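Following: one structure in structure tokens, then a few remarks.
The numbers here are math on the coordinates, done by the rules we state, and not lab data. Just so we're clear, the structure is a prediction, and the values are computed from it rather than from any experiment. Every residue, glycine among them, receives a Cβ derived from its backbone with ideal geometry; neighbour counts consider all protein chains shown.
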Amino acid sequence: MNPSAGADSTRDRIVTAATAEFSRHGIAGARIERIAKAARTSKERIYAYFRSKEELYATVAADELTAVAEATRLDPTDLPGYAGRVHDYFTAHPDRLRLMNWGRLELGDARPTAPDDPIQTTVRHKTEQLRTAQKAGHLDPAWDPADILVFVNQLAMSWAGQTDLMPADEIERLRFLYARRAAIVAAVQRLFPAVTVDQSSDPSSLPPAADITA
């Protein structure tokens, strides 16, 4: 069954409700009945759009990857700045971090390995950006690009899920996170220093304008 184009708002409600459900309960614990109720639709309608709960999760996860990429904007010449943006995003949206972690925990080796898998596609794209920056002299070529990506992201997200270690008072919490952000940026700066690009010397080595100005 192919839902009509005019019913896209129903699909959007399903994805929104599923995002909240998967964030709270994971994939195994999520219930299609609760998603249908929150989306003001029926189980049958959900299965008209998505063949299974796993397919629905894959759609939600792909949407989240897109949102993260747009909010954080990887710039290989300024990995400390990128790390700060990743920290900002996930400390502001800890539910989104849980959403992605559930997939890693529950799917494990069962995660799709098709060429168009959104996680694999994202990793390939970012590692290629880093490799290009290394060739242009903006990053130390001794590092494997995959290691750079993992190390920077792990540092950037190190405080995102540590809500039990944060002050309860909102103002104190903001100050605490500000200090943690500074520490993360400093750590990444030591590992992978930001590069001042001289546009007049080698314009061809610059990253795409959208990556700099987005």
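For the reader, a short list of remarks on this structure follows.
- Note on segment 41-168: Kirkwood hydrodynamic radius from all Cα pairs is 16.4 Å, rounded to one decimal.
- Computed packing ranks the peptides 134-142, 168-176 as 134-142, 168-176, most packed first, by mean other Cβ atoms within 10 Å.
- Highest average packing first - 13-22, 180-189, Cβ atoms within 10 Å: 13-22, 180-189
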